[in-house]
Amino acid sequence: MTATSVPQAASPTAGAPALEARGVTLSYEKTSIFENLDLRIEEGEVTTLIGANGSGKSTLLKAFGRLLVPSAGSMELGGQPLRSLPTRAVAKQLAILPQKPVTPSATTVRDLVSRGRHPHQSLFQPWTPSDSRVVNESLAATGLSELADRDTASLSGGQLQRAWIALVLAQQSPIILLDEPTTFLDLSHQLDVLRLVRSINRERGATVVMVLHDLTLAGRYSDRLVVVGEGKVIADGKPWEVLTPEVLRRAFDLEALVIADPTSGSPLIVPVDPDDHRIELGT
Amino acid sequence: MSARTSVEKQAEPIEGSRFFGRLWRGRVVVVTALCVVVVLALSVLGILAGSSSLSFSDVVVTLLGGGTSGQELIVFDLRLPRVVGGVAVGAALGLAGALTQTFARNPLATPDILGVTSGAALGAVAAIVLAGGSYSVAAGLLSLGLPAVAAIGALLTAAVVYGLAWRGGVDSYRLILIGIGATAALGGITSYLIARAQITEAAAAAQWLVGSLSGISWASVWPVLVVLLVVTPIAVLQSSSLDISQLGDDLSTGLGVAVQRHRVVVIMCAVLLTAAAVSASGPIEFVAFVAPQIARRMARTGRPPLLASALMGAVIVVGGDALVRGVLPGEVPVGIITAIIGAPYLIWLLTRRKERESYA
Ligand SMILES: Nc1ncnc2c1ncn2[C@@H]1O[C@H](COP(=O)(O)OP(=O)(O)OP(=O)(O)O)[C@@H](O)[C@H]1O
Ligand SMILES: [Mg+2]
């Protein structure tokens, strides 16, 4: 898997439109998960949402991706309410990979990834060679070229996860929302995906918002971390500002040491188990 | 996947007919064309088959306008409406089945589960049974004609089911459960009406419920043809959205499909097609279920191909009816034949589903 070969955007979109939550309340039926939340996603940054299970990360991401309509307040894309924009126009600006997509039956990997081109097509804009090129580049970027003609039902969990990521890449949107893109992946493929995310961010200027559970990887590959819990944003900032023992205790009820990762210099989270013998660190 | 796919891939790795490749895989075109040929052949057979024997040349001469008045009556007023009606009803059911199976992402989701068929059945049976009594309402309804009453029952039921399933949008799963509930409830009422009916009316109702082309006339064929001509293009325009919708509501929205609007269009198409077909011929069992699945297996696509499913429906109904008239003794309703073929197919599909999950 060559994480460096990124699908070339038709025009390397600098300046993605801003994505912003303004006083939103997000709820399912009667239970509200967030109330009166403000959060602005900075353009051209990799922002990662972290937080405990059930804290509302997916809920927030879905709201940014217009899959969940706020019961109050508004989600805005480029200063305009998401709801007022035609969904196909939004799809050209913003791609979202939900946590639980449905795998279609009897569909090859290439077919699946081709569907990422849907927003760019219409009755009068049929499939073109450039669509095929984008699909091939997305397959290559996720290391799936060899598997392109396999049935999606025959893929391993990790291979399938990469196919979903390829689909989202094929959408070529300046904003990409990814809900747990590294689930099912082995550590090496997790790194590949995150390096891919970073290269899309750097080379295409794409804005990325994702949900990750591995705090160390989140800290290493993000410009900004947003910690959610207790129905609000608990902490927000650069990895070293956010990944402190206090925040981890509050957000995850976790005792942990935070040390500098010797290879990258980013925060390395070491969970502490009270049953283990404490070993004096360093000195 | 088949060897064919990989060969094709080597032949045109990227460029060429990828657009065709997506919407119109070569195999779909072949299957569709094949179905057209078979439908035409069976239609000719259907015009030839029947109790009063007309030779092939008699039929051709009559169709060209040179037959005797007796031959004209048989060909134009008896056999042609029956064959054209069979094609139209079969196509409507096949297309409706393809639409419901696709939007529900479930091969067992036939238009019946939307409550349409049971609504039509209740309407028709009520009209037949109650008109025998002195209920002026029923007599009034029946004066509209049995097909119209059945259509009203179908559309009303579909509207109620859709309304009950609505919660700021319609979820396929919820819609199916409510449709199944409605089908059971209406089926109960229909059975009750038959149970307390006079024997002749009960027999007439039971006969209608089997589904048959024997009573069909141009008057009931036209509405099906019109619905088919209007609805088919609308349904075909939903093709790419149907493809995307296989990825679930969330990803579909993400890819720019207006999910709820798309779903309403698809359901309306399925309801209109089913209502039209059932009103004309009574419920012909299993066509809407089997036709799309056969078409899909032949075309090897991820979801039932729309036009091929419609044509396959036509093949089954016209073929079944030709069989009934030409081969079997007595007038066996075509609905019996399709049920006899369809039920074992359903069982076979269910037993096979585990091994070949991806094609089920
Ligand atoms: N469709 C739904 N209907 C009702 N409640 C829901 C729904 N989806 C999520 N919730 C609830 O909303 C809360 C937040 O869920 P969410 O999926 O956003 O959590 P998360 O932070 O993504 O968790 P995880 O890390 O497990 O993915 C949870 O309490 C969950 O039970
Ligand atoms: Mg989640």
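With both labels modelled 7 Å from their Cα along Cα-to-Cβ, the B:TRP222 to B:LEU108 distance reads 4.2 nm. With the convex hull drawn around the C-alpha atoms of chain B, the volume per residue stands at 161 Å³. Multiplying the residue separation of A:ASP186 and A:GLU29 by 0.36 nm and removing their Cα-Cα distance gives an extension gain of 52.9 nm. The alpha carbon centroids of the stretch B:196-261 and the stretch A:147-210 are separated by 39 Å.
In the stretch A:64-117, the alpha-carbon atoms span a convex hull of 97 Å³ per residue. Of the trypsin sites (Lys or Arg not before Pro) found in the stretch A:187-283, those that fall in a DSSP loop while having at most 10 other beta-carbon atoms within 10 Å are A:ARG278. The Cα-based radius of gyration and maximum Cα-Cα distance (Dmax) for the stretch A:145-210 are 12.0, 34 Å. One chain, two ends: B:ARG261 and B:ALA206. Fully extended at 0.36 nm per residue, the span grows by 16.0 nm beyond their Cα-Cα distance. Taking the centroid of alpha carbons for each part, the stretch B:285-339 and the stretch A:219-259 are 61 Å apart. Throw me the Rg/Rh for the protein assembly as shown, computed over C-alpha atoms with Kirkwood Rh, two decimals. Expressed as Rg/Rh, it is 1.08. Projecting label points 7 angstrom from Cα along Cα→Cβ for B:VAL60 and A:VAL69 puts them 6.2 nm apart.
The base-10 log of I(q)/I(0) for the stretch B:153-255, evaluated at q = 0.20, 0.22 Å⁻¹, reads -1.20, -1.22 [Debye formula, identical scatterers on Cα atoms, solvent excluded].
Taken along its three principal axes, the alpha carbon spread of the stretch A:19-253 comes to 49, 41, 34 Å, from the longest extent down to the shortest.
For the stretch A:56-146, the direction-averaged projected area of the alpha-carbon convex hull comes to 8.0 nm².
So in the protein assembly as shown, what percent of DSSP beta bridges are antiparallel if you round to the nearest 5?
About 60 percent, rounded to the nearest 5.
At the nearest 100 Å², what buried accessible area, both sides summed, do you get for B and A when the probe is 1.4 Å? Its buried surface, counting both partners, is about 2900 Å².
In chain A, the DSSP beta bridges split such that about 60 percent are antiparallel, to the nearest 5.
Would you kindly state how much longer the chain becomes between A:ARG22 and A:ASP253 on full extension, computed as 0.36 nm times their sequence separation minus their alpha carbon distance, in nm to one decimal? Roughly 80.3 nm would be gained on extension. May I ask you to work out the translational diffusion coefficient for the stretch A:101-214 at 25 °C, viscosity 0.890 mPa s, via Stokes-Einstein with Rh from the Kirkwood sum over Cα pairs, reported in whole µm²/s? It diffuses with D of about 171 µm²/s by this estimate. With r defined as the distance between the Cβ atoms of A:GLU203 and A:GLU230 and R0 fixed at 30 Å, what FRET efficiency is calculated, to the nearest 0.05? Given R0 = 30 Å and the Cβ-Cβ separation, E is 0.20.
In this label model, B:LEU177 and A:ALA153 are separated by 2.6 nm, measuring between points 7 Å along each Cα→Cβ vector. For a paramagnetic label modelled on B:TYR192 (point 7 Å from Cα along Cα→Cβ), amide N atoms under 11 Å away belong, within the stretch B:155-186, to B:185-186.
The values are calculated or read from the model by the stated rules, or taken from the named source; none is laboratory data. In this text the structure is predicted, and so the values were computed from the model without any measurement. Quick reminder, even Gly has a Cβ in these numbers, built from the backbone with ideal geometry, and neighbours come from all protein chains shown. Remember, those area values only see protein heavy atoms, side chains included, never the ligands or the DNA or RNA. Shrake-Rupley method; radii C 1.70, N 1.55, O 1.52, S 1.80 Å.
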